[in-house]
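Below is one structure; the comments refer to it alone.
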Amino acid sequence: GIFIPVYNSKLQIQVLQIRLDNPRNKNKYMWFSSSEKNGGCSSGSPVQICGDIYGSKAVYVTEGPLKCQIAHFLSGKPFIAVAGVNQQKGLEKIFDSLRINGKCKMIIDAFDMDDNTNPNVKKGHNDLMLLARRYGFEPYRITWDRNYK
């Protein structure tokens, strides 16, 4: 597989995710950790940050560190990524910090568009909208052709 670094706002690597060459149980990604070992440590599924989230009025939220890095690289926009659409707990600390220290006014949902066929993705969209409002941001959702992820 390949290692995918997961960065914080200071461009420090927090953890590595592995994109498996031969996926197990249809899961293409796994965390590089020792959580299954005696006395091992979990990755904690941290939030990835790409770009200057504190200096921008709008911040995009997506799922997956690799997608976050590619989207930021191609667009130049600031992105935050959670490991999965329903792993949003780490966003609370970041949203609070953004509210206090940043220029951000809008949180833009850039999750996958398969919410019409996947109830977990639909829940993730709804939860992100509620969380953004709770921290005083205007939530928006970008859309694209549902035939393409």
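For the reader, a short list of remarks on this structure follows.
- Long-range amide H partners of residue 14 with built H, under 5 Å: 6, 7, 8
- Centre separation in Å (Cα based) which lies between the stretch 89-113 and the stretch 1-70: 17
- Once the chain from residue 13 to residue 101 is taken as fully extended at 0.36 nm per residue, the excess over their C-alpha distance is 29.5 nm.
- GNM top mover of 24, 99, 133 - the chain, alpha-carbon springs below 10 Å: 24
- Each residue of the stretch 115-126 is assigned a 3J(HN,Hα), and the resulting list reads 5, 6, 10, 10, x, 5, 5, 4, 4, x, 4, 4 Hz, derived from the Karplus form 6.51 cos²θ - 1.76 cosθ + 1.60 (θ = phi - 60°), x at Gly and Pro.
- Ligands, DNA and RNA are left out, and with a 1.4 angstrom probe the accessible area of the chain is 62 Å² per residue.
- The portion of the accessible surface of the stretch 94-149 made up by carbon and sulfur, rounded to a whole percent, is 49 (1.4 Å probe; DNA, RNA and ligands excluded).
- A helix-only calculation puts the chain at -8500 deg cm²/dmol for mean residue ellipticity at 222 nm, using -39500 (n - 2.57) for each DSSP H run of at least four residues, averaged over all residues.
- Rounded tilt (10° steps) of 89-101 against the dominant C-alpha axis of the chain: 40
- Full-extension gain in nm, residue 74 to residue 29, via 0.36 nm per residue minus C-alpha separation: 14.0 nm
- Placing +1 on the Cβ of every Lys and Arg and -1 on the Cβ of every Asp and Glu, with nothing else charged, gives the chain a dipole about its Cα centre of roughly 120 debye.
- Of the GluC sites (Glu not before Pro) found in the stretch 23-123, the ones in coil according to DSSP and having at most 12 other Cβ atoms within 10 Å of their Cβ are 36.
The values are calculated or read from the model by the stated rules, or taken from the named source; none is laboratory data. This is a predicted model, so every value here is computed, not measured. Methodologically, a virtual Cβ is constructed for each residue, glycine included, from the backbone with ideal geometry; neighbour enumeration extends over all protein chains shown. Protein only, heavy atoms only, side chains kept; ligands, DNA and RNA dropped before computing areas. Shrake-Rupley method; radii C 1.70, N 1.55, O 1.52, S 1.80 Å.
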